[in-house]
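Take a look at the structure set out below.
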Amino acid sequence: PGEDEGEFLRRVCDRKGALVVLDQLSDPRNIGSIIRSAEALGADCVVLPRSHSSGITATVTKASAGATAHVKILTVPNISQFLDTGRSMGFWTIGASEDGEKIPEDIVGYRPASLVIGSEGSGMRRLTREKCDFTVRIPLRGNISSLNASVAAGILLYELLKKKP
């Protein structure tokens, strides 16, 4: 048996790492892409809810380009409680939202962090959003008003992780 969830979170907290928390994403290709970006950019873990998620399927594994073998994936019964646990240990909770009060450059240095990415259609659930210390938006210049969840996650992870703590 490996380390338990609490030990793992303490270790991530101590080294000022980052987690990606997926709040009800349903598209397995998006989940796989986010796992791939998380691993490539140096996130410590991807957190999925036990229900309202596709889980780690063959499609997720394929879309991750093998990253599921290299990054820790936690499946938790309750995202809200998980975020509370992280906050009690010192994690910042940063939610991605098209109407966020911060922009990506503003999140550098907020670590340890739980970066929350909401579902493809409706974003974060209300209770999840209420758990966030703040939200971050990616300013868009084109005619399209939103980005794919996996693209947004990659941009925000890059900003969050680009400087060593």
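What distance in nm lies between label points placed 7 Å from Cα along the C-beta direction at residue 74 and residue 129?
Placing both labels 7 Å beyond Cα along the Cβ direction yields 2.4 nm.
For residue 102 and residue 8 in one chain, what is 0.36 nm times their gap in residues minus the Cα-Cα distance, to one decimal in nm?
Residue separation times 0.36 nm, minus the Cα-Cα distance, leaves 31.0 nm.
Between (i) 50, 34, 30; (ii) 55, 45, 29; (iii) 54, 38, 30, which entry matches Cα extents along the principal axes in Å as derived from the coordinates of this structure?
It is the value labelled (i).
Can you give me the accessible area per residue for region 81-165, using a 1.4 Å probe, in Å²?
On a per-residue basis, region 81-165 sits at 54 Å².
Based solely on its DSSP helices, what 222 nm [θ] is calculated for the chain when runs of n ≥ 4 H residues each add -39,500 (n - 2.57) and the sum is averaged over all residues, nearest 500 deg cm²/dmol?
That comes out to -10500 deg cm²/dmol.
Can you figure out the FRET efficiency of residue 58 with residue 148, using R₀ = 25 Å and their beta-carbon distance, to the nearest 0.05?
0.75
Probe radius 1.4 Å, ligands and nucleic acids ignored: give me the carbon and sulfur share of the accessible area of region 1-93 as a rounded percent.
With neighbouring chains kept in place, the figure for region 1-93 is 48 percent.
What is the local net charge at residue 136, summed over the other residues whose Cβ is closer than 15 Å to its Cβ (Lys, Arg +1; Asp, Glu -1)?
-2
Under 5 Å between amide H atoms, partner at least 5 residues away or on a different chain: which partners does residue 72 have, H built in plane at 1.01 Å?
Correct list: 46.
Highest mean first, how do 19-30, 86-97, 120-131 rank when packing is the count of other Cβ atoms within 10 Å averaged over residues?
The most tightly packed comes first, giving 19-30, 86-97, 120-131.
Can you list residues from other chains, or at least 5 along the same chain, whose modelled amide H is less than 5 Å from the amide H of residue 135?
For residue 135, the qualifying residues are 95, 101, 102.
Can you give the net charge of the other residues whose Cβ lies under 15 Å from the Cβ of residue 56, counting K and R as +1 and D and E as -1?
The answer is +3.
The values are calculated or read from the model by the stated rules, or taken from the named source; none is laboratory data. No experiment lies behind these values; they were computed from the predicted model shown. Here the Cβ is made from the backbone with ideal geometry for all residues, glycine too, and neighbour counts use every protein chain on show. Please note that ligands, DNA and RNA were not included when accessible areas were found on the heavy atoms of the full protein model with its side chains. Shrake-Rupley method; radii C 1.70, N 1.55, O 1.52, S 1.80 Å.
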